[in-house]
1. Can you tell me which residue among 62, 76 is basic (Lys, Arg) and in contact with a Leu (Cβ under 8 Å, 6 or more places away or on another chain)?
2. How many residues, within segment 140-159, are in contact (Cβ under 8 Å) with a residue 24 or more places away in the chain and among the β-branched types (Val, Ile, Thr)?
3. For segment 88-123, which positions are more than 9 Å from the ligand (Cβ to nearest atom), touching a Phe, Trp or Tyr at 6+ places or on another chain (Cβ under 9 Å) and among the aliphatic types (A, V, I, L, M)?
4. Within segment 47-85, which residues are more than 16 Å from the ligand (Cβ to nearest atom), farther than 17 Å from residue 149 by Cβ, in a helix (DSSP H, G or I) and touching a residue at least 40 places away in the same chain (Cβ under 8 Å)?
5. May I ask you to list pairs of residues, at least six apart or on different chains, whose Cβ atoms are under 9 Å apart, with the first in segment 107-135 being among the charged types (D, E, K, R) and the second being within 9 Å of the ligand (Cβ to nearest atom)?
6. Tally up the residues in segment 108-128 that are within 17 Å of residue 9 (Cα to Cα) and touching a helix residue (DSSP H, G or I) at 6+ places or on another chain (Cβ under 6 Å), please.
7. Given the residues 157, 152, which is the only one that is loosely packed, with under 13 Cβ neighbours inside 10 Å, under 14 Å from residue 6 (Cα atoms) and of a type outside the set (D, E, K, R)?
Amino acid sequence: MALEKYSVLVVNGPNLGYLGQRDTGVYGTRGMDELSAILKKDHPGLLDRVELDFFQANGEGRIIDRLESAWQNKTRGMVINPGALTHTSLALADCLGWIKIPFVEVHLSNIWSRDRIRQQSLTARHALGVVAGFGIMSYIYGLQAVVDCLDANNTIAEDE
Ligand code: DQA
């Protein structure tokens, strides 16, 4: 049977619109535009498995609106970097909790090696898992994990 191609939304929260230019010592010099190029060059098999959609917003409400529309459109999976909302936004956590789209939370930096307030995530409890500390590669590893988890669920459903 042909492997399913999944619709996956990649979401970036506040202050992640200028990746590659913002605090490059912490977040690196590679921007989101490089993600598709890295996938194409080094991970074509993974790229083949997904229909990617990208979204970035600085406002919490806009992100929640986009997540609700992903739920309406039956988006299969998500890779999310909520930025600072990770540590502060109960509203975003509530949304992720009810829409129940499987997602991996990603961070460019290792949030557990940073200041105390960044070491807690309100959103991660709803995630399949968290990838942090690998710069732009966190998104690639997160995407691979989303696809693997969706495949595993499909296999279980087929076996039942
Ligand atoms: C971040 C970590 C957050 O603490 C910070 O507010 C960000 C980026 C990361 O990707 O490392 O904006 O999510």
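Every number in this text was worked out from the coordinates using simple rules, so none of it is lab data. Here the structure is a predicted model, which means the values were calculated and not measured. Here the Cβ positions follow ideal geometry from the backbone for every residue, glycine too, while neighbour counts run over all protein chains shown.
1. 76
2. Result for segment 140-159: 3.
3. 96, 99, 101, 104
4. 48, 66, 67
5. 114/26; 118/84; 118/86; 118/87; 118/107; 118/109; 118/111
6. 3
7. Within the list 157, 152, the selection yields 152.
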